[in-house]
Protein chains: 2
Amino acid sequence: MEKLSRNSRVVAITKILMENSNRIIGLNNFSELLNAAKSTISEDIVIIREVLEKLQMGRIETIAGAAGGIKYIPGIGQEDSKKFANELCELLRDETRIVPGNFIYMTDLMYNPKIISKAGVILSSMFKASEVDYIVTVETKGIPLAYEVARNLGVQLVIIRRDNKVTEGSTVTINYVSGTSGRIQQMSLSKKSMKPASKCVFIDDFLRAGGTAKGIKNLLKEFDSELVGIGVLVDNVGVNKKKTSEYLSIVELQHIEETDTLEVNPSKLMS
Amino acid sequence: MEKLSRNSRVVAITKILMENSNRIIGLNNFSELLNAAKSTISEDIVIIREVLEKLQMGRIETIAGAAGGIKYIPGIGQEDSKKFANELCELLRDETRIVPGNFIYMTDLMYNPKIISKAGVILSSMFKASEVDYIVTVETKGIPLAYEVARNLGVQLVIIRRDNKVTEGSTVTINYVSGTSGRIQQMSLSKKSMKPASKCVFIDDFLRAGGTAKGIKNLLKEFDSELVGIGVLVDNVGVNKKKTSEYLSIVELQHIEETDTLEVNPSKLMS
């Protein structure tokens with residue numbers, strides 16, 4: 001291929017980095033694709049690193065050694081996070097979202113790529129990729145968000161099913177008590193889906209009493225694996241979380257049943 | 001903010017475009033963020049457009065008029081598509097994937113962001129964003145892929161449930177006949193999830209007899225909406241698709257039960 005100008009090279013490198021979040025890319029890959037010396041590519045990367053940091057758009061890390069290279073770590077500035085959390089609160093502060101049984105309809109938000117891609121960057125930046133092997137979620141509503149976090153951290157997604165599926169092969173199934181309803185429910189995970197001794201982060205749309213999180217902790221034990229973090233879009237602060245431990249959220253919601261109002265605010269992490 | 005160099009501006013613009021696939025962004029947004037004249041930004045965009053096209057990394061369209069601006073349309077070159085399809089075939093050509101009941105275990109692939117993000121670009125480029133209102137899928141395994149297609153096309157994702165959920169409010173439920181098992185199953189969709197007269201594309205992991213696709217077509221009719229396309233990762237070519245019409249796939253798979261072998265090849269679109 002003909003030689004490209006620096007302007008053109010930085011565009012191509014930026015694009016490739018964005019598409020490979022938290023994955024190490026050797027400089028020779030860029031060097032071959034763009035027909036430029038490694039030293040030239042290194043200079044290009046300095047430019048990209050500087051502008052991403054200046055505009056708080058994430059950062060680039062250099063990994064030394066034979067398997068070394070660079071990796072892009074998605075990020076978002078404090079101001080942008082705050083703005084996003086406030087916009088989300090505005091969308092949630094809508095009483096028509098209340099559905100019978102003290103539930104909040106938020107499917108439209110959870111399936112909106114514009115919202116979920118940004119929430120995914122915020123939640124992923126709360127965890128260190130090097131310390132996470134899998135992002136775990138339970139079907140269905142949290143899947144797009146969990147997928148975004150997994151993509152940003154460059155790790156595999158694992159989806160726990162509510163029932164046994166023929167396409168999953170052998171599965172491990174546990175019973176757990178839903179903190180909200182008090183009823184016994186099931187969770188099922190394919191034996192092939194996880195290596196032993198893995199560190200997992202649970203991502204979901206909504207945290208109520210934390211019964212699901214507790215169930216996941218127990219299910220992961222069956223895989224000799226560990227739950228190292230929990231991140232949710234919305235934390236229902238009205239419910240006492242005695243069933244779960246530490247977790248992170250973007251917004252906090254409280255539904256006051258008596259007056260049918262919704263109180264929604266950014267979480268402390270966002271302010 | 002201080003003025004940035006062209007090198008730095010093109011990095012920032014590229015990043016913003018990638019994060020807003022198929023969404024029109026007015027030049028004044030870049031102009032304000034980067035403290036540069038619109039004419040300067042226009043020149044930056046010419047550079048980005050040229051290198052993306054040269055490296056077959058998608059394209060930039062200019063939209064004229066008051067609500068105009070530019071938008072990025074993700075794309076992948078023919079060679080890269082082919083290579084990806086061949087790698088996918090290699091991964092699928094593994095007899096340990098066969099699970100009892102003539103099913104193929106492919107959960108690991110469907111939940112792998114590296115694979116799904118590329119497959120999402122390939123499938124999204126087969127549809128015109130301007131002619132799609134929603135990407136529709138049915139829980140669970142196809143959700144990450146459907147989400148990627150929706151993100152690339154800049155449209156909302158809609159997930160059809162197998163059961164009624166309390167958090168969904170009022171739903172429309174239909175019965176359909178699974179083409180594979182011959183059994184009657186249910187699909188359920190929240191009434192709030194779709195505007196009438198919408199055009200929808202159905203994305204899924206695996207197409208067998210097409211019973212699910214036919215069910216979705218009928219369910220969409222209840223929303224006065226239309227199924228305008230079907231895209232899947234794997235087409236089970238061993239099964240006669242009498243239940244469905246046109247569809248697109250990335251790879252074709254045939255499981256020969258007698259010898260327990262898997263025949264997997266790129267679809268015609270990929271060659």
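The values are calculated or read from the model by the stated rules, or taken from the named source; none is laboratory data. What you are looking at is a predicted structure, and each value in this text was computed from that prediction instead of being measured. Every residue, glycine as well, gets a Cβ built from its backbone with ideal geometry; the counts of neighbours run over all protein chains shown. Please note that ligands, DNA and RNA were not included when accessible areas were found on the heavy atoms of the full protein model with its side chains. Shrake-Rupley method; radii C 1.70, N 1.55, O 1.52, S 1.80 Å.
For chain B, the residue among B:ILE184, B:ALA67, B:ILE25 whose Cα projects farthest onto the positive side of the dipole built from Cβ charges is B:ALA67. Quick check: the angle from helix B:143-153's long axis to the longest principal axis of chain B, C-alpha only, nearest 10 degrees? The helix B:143-153 is inclined about 30 degrees to chain B. Determine the percent antiparallel among the DSSP beta bridges restricted to chain A, to the nearest 5. Once the DSSP bridges in chain A are tallied, antiparallel ones form about 50 percent.
Tell me the net charge near B:SER190. Cut-off is 15 Å between Cβ atoms, B:SER190 excluded, with +1 for each Lys or Arg and -1 for each Asp or Glu. Neighbourhood net charge equals +2. Peptide B:13-22 has a mean of 5 when you count, residue by residue, the C-beta atoms of other protein chains within 10 Å of its C-beta.
Summarise the partner chain shielding of A:49-62 as one whole number: the mean count of Cβ atoms from other chains within 10 Å of each residue's Cβ.
3
When only Cα pairs below 8 angstrom with a gap of at least 6 residues are kept, the stretch A:78-270 shows a relative contact order of 21 percent. For the residues of B:159-172, the average number of beta carbons from a partner chain within 10 Å of their own beta carbon is 4. Can you quote the Å³ per residue value for the convex hull of the Cα atoms in chain B, rounded to an integer? Dividing the Cα hull volume of chain B by its residues yields 153 Å³. Kirkwood Rh over alpha-carbon pairs of the protein assembly as shown, then Stokes-Einstein at 4 °C and 1.567 mPa s: what D in µm² s⁻¹, rounded to an integer? So the translational diffusion coefficient is about 53 µm²/s. What the phi angles of the stretch A:17-34 give under the Karplus curve with 6.51, -1.76 and 1.60, with θ = phi - 60°, is a coupling list of 4, 4, 7, 10, 3, 6, 10, 6, 10, x, 4, 4, 4, 5, 4, 5, 4, 9 Hz, glycine and proline written as x. Quick one: buried accessible area between A and B, total over both chains, 1.4 angstrom probe, nearest 100 Å²? Looking at A and B, the buried total is near 5300 Å². The other copies place their B:VAL177 label points at 4.6 nm from this one, listed shortest first, where each point is 7 Å from Cα along Cα→Cβ. The fraction of accessible area contributed by carbon and sulfur in chain B is 46 percent, rounded to a whole number (1.4 Å probe; ligands and nucleic acids excluded). Working from Cα pairs under 8 Å separated by at least six residues, relative contact order for the stretch B:148-224 is 31 percent.
Average accessible surface for the protein assembly as shown: 43 Å² per residue, computed with a 1.4 Å probe over protein heavy atoms with every protein chain in place.
In whole Hz and in residue order, list the ³J(HN,Hα) couplings for the stretch B:82-88 that follow from phi through the Karplus curve 6.51 cos²θ - 1.76 cosθ + 1.60, θ = phi - 60°; x for Gly and Pro. After applying 6.51 cos²θ - 1.76 cosθ + 1.60, I find 4, 4, 4, 4, 5, 5, 5 Hz.
Let a ≥ b ≥ c be the square roots of the eigenvalues of the Cα gyration tensor of the stretch A:6-73; is it rounded (a/c under 1.5), or, if not, prolate (a/b larger than b/c) or oblate? It would help to have the intermediate numbers written out before the result.
On the way: a/c = 1.59, a/b = 1.14, b/c = 1.40.
Because a/c hits 1.5 or more and a/b fails to exceed b/c, the stretch A:6-73 counts as oblate.
Beta bridges from DSSP with both residues in the protein assembly as shown: antiparallel share about 50 percent, rounded to the nearest 5. Dividing the helix sum by the residues of chain A, where each DSSP H run of 4 or more adds -39500 (n - 2.57), gives a mean residue ellipticity at 222 nm of -10500 deg cm²/dmol. Scaled against the 2.2 N^0.38 Å expected of a compact globular protein of N residues, the Cα radius of gyration of the stretch A:177-264 reads 1.21. Each other copy places its own label point for B:ALA197 at 6.2 nm from this one, sorted shortest first, where the point lies 7 Å along the Cα-to-beta carbon line. The per residue volume of the convex hull around the alpha-carbon atoms of the stretch B:37-127 is 133 Å³. Between identical copies, the spacing of A:GLN56 label points, each set 7 Å from Cα toward the C-beta atom, reads 4.0 nm from nearest to farthest.
Computed 3J(HN,Hα) for the stretch A:179-193, one whole-Hz value per residue from the Karplus formula 6.51 cos²θ - 1.76 cosθ + 1.60 where θ = phi - 60°, is x, 7, 8, x, 8, 7, 10, 10, 9, 9, 9, 5, 4, 7, 7, glycine and proline marked x.
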